[in-house]
Amino acid sequence: MNKPYIDAAERNKEAIFKVMKPFLHEGETLLEIGSGTGQHGVYCCERLPHLQWQATELECNIPGIRQWIADSNARNMLDPLVLDVTSYNWCQSYYDFVFTSNTVHYMSWSDVACMFAGVSSMLTDSRLFFIYGPFHRSGLPATIGNKRLDEWLQIQSPEFRIRSIDELEDLGGEFDFRLKHTFLMPANNYILVFCCR
């Protein structure tokens, strides 16, 4: 079996790491929701040996993440877990941080709400929830590229679309989160940093 590879993850991993690194020194455990291939986790873990990184994915993607871990020096990246944010009581542990990359636009709005609900019950006090991906501002696409991506997503499923930062901020408030930082990233993406109130 060839090791899975996502070119976009390889391109954006360093930029994501640079934004998150100052925050991640303040804690010891991180849960990643929707780890994909595991490329982001491996890259971060090799540079932050103090951090225990728990990758999660749907069952079909777990073997690929294990390959990435086995081929790396990331001994602090834990064996990946199967996780579906819509499953009942999926939060079994507490973490200092939660990170998810390029997942929100592939979820229905009710699934996004399930994710916020789960994360709110598993973060330790005053810790952070990082969301990376493309987002609209005030409901409007930032670029023509994002508009085209949004149109493509809605062809795949009427439940999928690029979310607005404003609506995510409002949703976070329902689960006692406050949007603390908004970082503009390359290729018209953002990192949103939510903290517990």
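Each reported figure results from applying straightforward, stated rules to the coordinates on display, with no laboratory input. Just so it is clear, the structure is predicted and the values come from calculations on it, not from any experiment. Backbone-built Cβ (ideal geometry, glycine too); neighbour counts: all protein chains shown.
Observations on the structure shown:
- Residue 71 being farther than 22 Å from residue 184 by Cβ and in contact with a strand residue (DSSP E or B) (Cβ under 9 Å, 6 or more places away or on another chain): no
- Odd one out for residue 87, checked against (1) part of a loop (DSSP other than H, G, I, E, B); (2) in contact with an Asp or Glu (Cβ under 8 Å, 6 or more places away or on another chain): (2)
- Members of segment 83-102 that are within 22 Å of residue 6 (Cβ to Cβ) and crowded, with 19+ Cβ neighbours inside 10 Å: 83, 85, 97, 98, 99, 100, 101
- Summed over segment 61-84, residues that are without any contact (Cβ under 8 Å) to a residue 60 or more places away in the chain, among the charged types (D, E, K, R) and either touching a Phe, Trp or Tyr at 6+ places or on another chain (Cβ under 8 Å) or not in a helix (DSSP H, G or I) (or both) total 3.
- Residue that is surrounded by the most Cβ atoms within 10 Å (Cβ to Cβ) [pool: residues in segment 103-113 that are more than 10 Å from residue 171 (Cβ to Cβ) and small (Gly, Ala, Ser)]: 108
- Matching residues, segment 161-197, being in a loop (DSSP other than H, G, I, E, B) and of a type in the set (Asp, Glu): 176
- Scanning segment 170-190 for residues that are within 21 Å of residue 122 (Cβ to Cβ), out of contact with any Leu (no Cβ under 7 Å at 6 or more places or on another chain) and either in contact (Cβ under 8 Å) with a residue 24 or more places away in the chain or not basic (Lys, Arg) (or both) turns up 171, 173, 174, 175, 176, 177, 180, 181.
- Per-region count, segment 114-129, residues surrounded by 15 or more Cβ atoms within 10 Å (Cβ to Cβ) and either β-branched (Val, Ile, Thr) or touching a residue at least 60 places away in the same chain (Cβ under 8 Å) (or both): 9
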